[in-house]
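Heads up, the thing below is written out as structure tokens.
Coordinate-derived values only; no laboratory data. Predicted, not measured: the structure shown is a model, and the values here were computed from it. Positions of Cβ are generated from backbone atoms using ideal geometry, with glycine treated the same way; all protein chains shown enter the neighbour counts.
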Amino acid sequence: MSALLIDGKAYAADLRNELTAQVAELAEEGCQPGLATVVAGDAYPAHAYERRVRRLAEQLGLHYVREALPADVPEAEAVATVGKLCSDPRISGILILRPLPPQVSEATLYRALDPLKDIESVHPVNAGLLALDRPRFVPSTPASVFHLLDRYLRESGRDPERVYQGSNMVIVGRSANVGKPAVNLGMARGATVLSCDVHSYRAGLLFEHTAHADIVIIAAGSPGLLRGEHVRDGVIAVDVGINAVPDTETGKIRLVGDLDFRSVAERAEAITPVPGGVGPITDVWLLRNTIAAARLARGVATAR
Ligand code: NDP
């Protein structure tokens with residue numbers, strides 16, 4: 001491997017220290033930020049993520065509420081649960097975990113959020129503000145991708161703005177919570193952004209596009225999709241994907257990304273590992289947004 005490994009765990013630890021100080025400061029003002037999660041059904045990834053953020057929220061001293069709904073919850077009941085959390089003054093931020101069961105529309109549930117508590121910017125108002133480069137909250141995963149890139153570039157002696165401006169940035173995956181906001185953030189920083197999805201792949205064009213990327217960000221949920229032969233020498237490769245696959249030797253489940261780590265690392269300037277890259281920062285960033293929402297609510301309350 002010739003690439004430099006970007007250590008997301010170390011970056012996350014630094015961010016976490018900053019949050020500890022912020023929580024203490026708010027506590028002195030008599031304010032305890034509160035996070036609520038809504039999970040419906042039994043999907044393993046949603047529950048695993050919920051457990052991680054709950055642990056972190058508790059460690060940081062935040063108020064925490066978990067709403068676990070059955071897989072057959074009627075949509076109206078899920079909407080009512082979100083509404084209840086929106087009117088709870090102890091809750092500053094709400095996270096709706098995916099996947100949702102088929103009878104509950106993501107769009108409907110997102111619209112039920114109070115935009116001031118929508119810490120992932122999935123409500124149409126917040127998604128619109130983000131698209132207009134005026135984000136209220138930057139969603140935690142794409143925020144973590146750019147935090148990681150900014151810090152890596154600074155530490156390697158470069159000005160991130162100068163690197164982004166005019167660079168070829170290819171983003172694979174265009175979900176509402178990861179790919180699309182990452183496209184907005186890349187454009188806002190002056191990169192020439194190309195958004196690829198499953199159609200690019202089926203058209204046989206995906207790897208033609210990634211081969212020209214200076215920076216590639218992949219969030220497809222497809223283990224090992226991008227290999228060394230699909231990227232150029234010196235690319236900076238950020239792997240958002242988290243996929244549970246059985247280990248070929250031991251048969252045990254292990255987590256892998258969307259990059260074929262070994263072959264991409266042979267050619268890249270820098271690469272993020274899975275686990276230990278974007279994921280740990282995402283968890284902390286969600287709490288960071290919750291604290292920001294608590295501050296925002298205080299500001300709004302004072303202004304009233
Ligand atoms: P979604 O399933 O919502 O979106 C996947 C996107 O990837 C879609 O836009 C899809 O295209 C595209 N895609 C799928 N297969 C291909 C392919 N072969 N070629 C090109 N594009 C493809 O997933 P998420 O965005 O929620 O998550 C993506 C991955 O990131 C998952 O592995 C998830 O576990 C992980 N994740 C990690 C986080 C972290 O903190 N590290 C946080 C959130 C997610 P189309 O739209 O055309 O279907």
Ranked by how many other beta carbons lie within 10 Å on average, peptides 231-241, 53-63 from highest: 231-241, 53-63
Listed residue (GLY128, SER195, PRO139) projecting farthest to the positive dipole end of the chain, Cβ model: GLY128
Highest-first arrangement of 254-264, 82-92, 213-223, 135-145, where packing means the average Cβ count within 10 Å: 135-145, 213-223, 254-264, 82-92
C-alpha center-to-center spacing [region 32-62, region 171-236] in angstrom: 29
Percent RCO, i.e. relative contact order, over the chain, from Cα pairs under 8 Å lying at least 6 residues apart: 22
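When only Cα pairs under 8 Å and 6 or more residues apart are kept, what is the percent relative contact order across region 1-125?
Values: 154 pairs, mean separation 32.7, N = 125.
The normalised contact order for region 1-125 reaches 26 percent.
For the chain, what is the percent of antiparallel DSSP beta bridges, rounded to the nearest 5?
Working: 4 of 33 bridges.
Percent antiparallel among DSSP bridges in the chain is about 10.
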Size of charge dipole - the chain - debye, nearest 20, with Cβ of Lys, Arg +1 and Asp, Glu -1, no other charges: 400
P(r) histogram, all alpha-carbon pairs of the chain included - 20 Å bins from 0, percent: 32, 58, 10, 0
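Only helices at least 20 Å long along their own axis, judged from Cα atoms, and with Kyte-Doolittle mean hydropathy of 0.5 or greater: name those in the chain from DSSP H. Before the final figure, lay out each step's value.
Values: long enough: 8-28 (30 Å, -0.26); 44-60 (24 Å, -1.10); 140-155 (22 Å, -0.26); 278-303 (37 Å, 0.69).
Helix filter hits for the chain: 278-303.
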Helix-only [θ]222 nm of the chain, DSSP H runs n ≥ 4, -39500 (n - 2.57) each, per residue, nearest 500: -14000 deg cm²/dmol
Label zone at ARG298, where the point sits 7 Å out along the Cα-to-Cβ direction: region 64-105 residues whose backbone N lies under 15 Å: 90-93
